[in-house]
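As structure tokens, the structure follows; a few thoughts come after it.
The values are calculated or read from the model by the stated rules, or taken from the named source; none is laboratory data. Please read these numbers as outputs of a predicted model, since none were measured by experiment. Here the Cβ positions follow ideal geometry from the backbone for every residue, glycine too, while neighbour counts run over all protein chains shown. Just so you know, the surface numbers come from the protein's heavy atoms only, side chains and all, with ligands and any DNA or RNA stripped out. Shrake-Rupley method; radii C 1.70, N 1.55, O 1.52, S 1.80 Å.
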Amino acid sequence: MKKRLSISLILIIVASIIISSIFIIVGYSQSCYSDTEKNIKESNNYIVNYILPTYLETENSETLDHYASSIKMRITITNIQGDVTYESTPGLEEEVNHISRPEIVGAMAGNTTTEIRYSNTLKVKMIYVATPYYDANNTIEGVLRVAMPVSSINTAIFEMIEKIILIIMMTIFATTLVIPYLINRELKPLDEASAFARKIASGKYGQQLTMLRKDKIGELVESLNQMSLQLNNSFSEMNRKNAELTSILSSMNHGIIAIDEKNKIIHLNDAARKILNISKEEKVVKKNILEVYRESFILELMEHLKNEECERMSFESRIHPDQIVRVYINRIVENNKFSNGHIIILEDITLLKSLENMRRDFIANVSHELKTPITTIKGFIETIQVNKIDDPETLDHFYSIISEESDRLSRLVSDILVLSQLENKSGFEKKAEYLQLDQQIAQIFDILKLSAEGKKISMRLSGEKPIMLSFMPDEFRQMMINLIDNAIKYSEPQKAVEVILTQDDEEVRIEVSDQGYGIPTKDIDRIFERFYRVDKSRSKEKGGTGLGLAIVKHIIYNNHGKIEVNSELGKGTTFIIHLPKTRN
């Protein structure tokens, strides 16, 4: 820009100087010719008035010769017939008649006449001024002609032209030096403003340019400073909101996918990556969603996206064999108008569906488990009432069955209440105590002593003594009674049930082993489900409610522990409990 501006200004200035010089030269040339003509006319008047009368009286040409020599001009005098009576230039005294010369013709007509023409006599271009002179009767007596070479005038003009050319060259040289300097000086603030604007364009907002000027450049700089400050504030606010939005989207459990009208991904949060099994390292932004995920779920999603009439829609889909999601689709709103982009929300409802299935199963199982003893009790009572049985032995038998079913119903209700408390994480008590585990196990052995002796089963406690653990007493007793009671119930007669206590720096380990029937491998993962029985007929014979191991699992999980099961058919089962010594 500076170079173009400098060249343009230099060319304009040079052209102006040249044009001005041409006008000056033309004007000077005209002035030179005009001044020369004026001087010659003045010389003519002087000669006519002061020198010529004397010459005509005395015919002495000495004065004329001296004057012609002093003014360096040619003086010629002719009579009215055109004959030369005087010639100041030596050698031209016998010159031919001049009556036909243009200037002589004009003078004979009574006018002072100027003529510029080529002289055939002197072979040069001359300027002639011819003046008539009169006698006493005011009659033209002759003509005075004064002439000088045009080359004299041209010499002065050429000298002037040389001086003007020199001035032009010096001016051009000075212009080529001064103009770039002046332009650089004047445009330097614009360069600084331009560099400042480029910084703003590159994202360096908030900077300020100091320039104390009160002209238009100063106003421009002030505007740029205000723009920089406003952009900095706007982008800071936008970045803050983007960070908040990103943080919110990242912390959401629901998957969020934003796509444009061409189904290219605008945003994908971590939850969506997890649901779609897309690694965090994979770059998916600006990619078509069909390139990123190719399962059948996307084809189903695309079908719903084609429905442009609905602003919002939702559907459920099995995204993986073991995962179900509920999909919400919303159109993106821009300036209160719907665009062709969409926000897709993926809600993993696998657990919800599982809980719904568990709730249905639980209600069905509870209904079934409650219905059996109630039906039995009602049946025997109706039998007694309808048949009016009064046989003591029969009544005792019926009352015994009713009592057993009532006890079973009571245990079932009690276990359901306990399980409900544990699932709500309320537990039995609100305060844990430090328990000496070997003493607690010994007390449980005493409680279950009659059951063990009925099958001639021995109960043994081994391991490190003593071991202290912070635990809620009732929960610990409930957990161990369920495990040890199950071990007794499902062990063969004359076998042994063993409890082993061990510990390390981080946890306490409790093992409960029996020598019973064992659990099939396919059932091990389900034995902690509510009302799940490996052998239903045998479980009912043993008087179980089907909730004992579910209660054990919830007690352990509520105390941040874990339980393992090792079982071999025909040899027995071992339950291994891991309980941390410290819990956050």
Do we have LEU370 as farther than 30 Å from ASN253 by Cα and either at pLDDT below 80 or not in a helix (DSSP H, G or I) (or both) here? yes
Whether any residue in region 70-84 is without any contact (Cβ under 8 Å) to a residue 60 or more places away in the chain, of a type in the set (S, T, N, Q) and in contact with a strand residue (DSSP E or B) (Cβ under 8 Å, 6 or more places away or on another chain) is what I want to check. no
Scope region 315-331; condition at pLDDT 80 or above and open to solvent by less than 70 Å² (accessible area, probe 1.4 Å); matching residues: PHE315, SER317, GLN323, ILE324, VAL325, ARG326, VAL327, ILE329, ASN330, ARG331
Quick count over region 228-272, residues being touching a helix residue (DSSP H, G or I) at 6+ places or on another chain (Cβ under 6 Å) and of a type in the set (Ser, Thr, Tyr), is 2
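Test ASP407 against the criterion of being modelled with pLDDT under 90, open to solvent by 10 Å² or more (accessible area, probe 1.4 Å) and touching a Ser or Thr at 6+ places or on another chain (Cβ under 8 Å), and give yes or no.
Numbers: modelled with pLDDT under 90: yes; open to solvent by 10 Å² or more (accessible area, probe 1.4 Å): yes; touching a Ser or Thr at 6+ places or on another chain (Cβ under 8 Å): no.
Here the answer is no, as ASP407 does not meet what is asked.
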Any residue at all in region 460-467 that's within 24 Å of LYS571 (Cβ to Cβ), among the charged types (D, E, K, R), open to solvent by 40 Å² or more (accessible area, probe 1.4 Å) and without any contact (Cβ under 8 Å) to a residue 60 or more places away in the chain? yes
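Considering each of SER228, SER296, SER279 in turn, give the residue that is without any contact (Cβ under 8 Å) to a residue 60 or more places away in the chain, surrounded by 12 or more Cβ atoms within 10 Å (Cβ to Cβ) and of a type in the set (S, T, N, Q).
Numbers: SER296 fails: surrounded by 12 or more Cβ atoms within 10 Å (Cβ to Cβ); SER279 fails: surrounded by 12 or more Cβ atoms within 10 Å (Cβ to Cβ).
Unique residue meeting the criteria: SER228.
Yes or no: region 332-340 includes at least one residue that is surrounded by 15 or more Cβ atoms within 10 Å (Cβ to Cβ) and modelled with pLDDT of 80 or more. Before the answer, list the steps.
In the first step, residues of region 332-340 are kept if they are surrounded by 15 or more Cβ atoms within 10 Å (Cβ to Cβ); the result is 332.
Checking which are modelled with pLDDT of 80 or more leaves us with none.
Among the residues of region 332-340, not one is surrounded by 15 or more Cβ atoms within 10 Å (Cβ to Cβ) and modelled with pLDDT of 80 or more, which makes the answer no.
Can you say whether GLU356 is closer than 30 Å to ILE256 by Cα and either in contact with a Pro (Cβ under 8 Å, 6 or more places away or on another chain) or at pLDDT 75 or above (or both), as far as the supplied structure shows? Can you show your working first?
Details: closer than 30 Å to ILE256 by Cα: yes; either in contact with a Pro (Cβ under 8 Å, 6 or more places away or on another chain) or at pLDDT 75 or above (or both): yes.
Against the criterion (closer than 30 Å to ILE256 by Cα and either in contact with a Pro (Cβ under 8 Å, 6 or more places away or on another chain) or at pLDDT 75 or above (or both)), GLU356 qualifies.
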Pairs please, first residue from region 186-198 and closer than 9 Å to LEU209 by Cβ, second anywhere and open to solvent by 70 Å² or more (accessible area, probe 1.4 Å) and at pLDDT 75 or above, Cβ atoms under 6 Å, 6+ apart in sequence or on different chains. ALA193/LEU220
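So, restricting to helices (runs of 4 or more DSSP H) that lie completely within region 232-328, which ones have at least 2 residues that are among the acidic types (Asp, Glu)?
Values: elements: 270-276, 289-292, 296-305.
Result: 296-305.
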Taking the conditions exactly as written (over 30 Å from LEU352 (Cα atoms), open to solvent by 70 Å² or more (accessible area, probe 1.4 Å) and in a loop (DSSP other than H, G, I, E, B)), does LYS199 satisfy them or not? no
Mind listing just one residue for me: the one in region 1-34 that is open to solvent by 80 Å² or more (accessible area, probe 1.4 Å) and over 60 Å from the mean Cα position of the chain (by Cα) and, of those, nearest to MET148 (Cα to Cα)? GLN30
Does region 498-513 contain at least one residue that is modelled with pLDDT of 90 or more and more than 25 Å from THR582 (Cα to Cα)? yes
Just checking, how many residues over region 557-577 are in contact with a Leu (Cβ under 7 Å, 6 or more places away or on another chain) and touching a residue at least 60 places away in the same chain (Cβ under 8 Å)? 3
State all residues of region 167-192 that are polar (S, T, N, Q) and loosely packed, with under 14 Cβ neighbours inside 10 Å; if no residue qualifies, say none. ASN184
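What do you reckon, is LEU182 within 33 Å of the chain's Cα centre (by Cα), part of a helix (DSSP H, G or I) and within 24 Å of ILE13 (Cβ to Cβ)? Don't jump to the end; show me each part of the working.
Details: within 33 Å of the chain's Cα centre (by Cα): no; part of a helix (DSSP H, G or I): yes; within 24 Å of ILE13 (Cβ to Cβ): yes.
No.
Anything in region 209-225 that is surrounded by 13 or more Cβ atoms within 10 Å (Cβ to Cβ), of a type outside the set (Asp, Glu) and farther than 18 Å from ARG185 by Cα? List them, or say none.
Going through region 209-225, the residues surrounded by 13 or more Cβ atoms within 10 Å (Cβ to Cβ) turn out to be 209, 211, 217-218, 220-222, 224-225.
Now restrict to residues that are of a type outside the set (Asp, Glu): 209, 211, 217-218, 220-221, 224-225.
Within region 209-225, LEU224, ASN225 meet the criteria.
Do we have ILE259 as in contact with a His (Cβ under 6 Å, 6 or more places away or on another chain), open to solvent by less than 30 Å² (accessible area, probe 1.4 Å) and either at positive phi or touching a residue at least 24 places away in the same chain (Cβ under 8 Å) (or both) here? Before the answer, list the steps.
On the way: in contact with a His (Cβ under 6 Å, 6 or more places away or on another chain): yes; open to solvent by less than 30 Å² (accessible area, probe 1.4 Å): yes; either at positive phi or touching a residue at least 24 places away in the same chain (Cβ under 8 Å) (or both): yes.
Against the criterion (in contact with a His (Cβ under 6 Å, 6 or more places away or on another chain), open to solvent by less than 30 Å² (accessible area, probe 1.4 Å) and either at positive phi or touching a residue at least 24 places away in the same chain (Cβ under 8 Å) (or both)), ILE259 qualifies.
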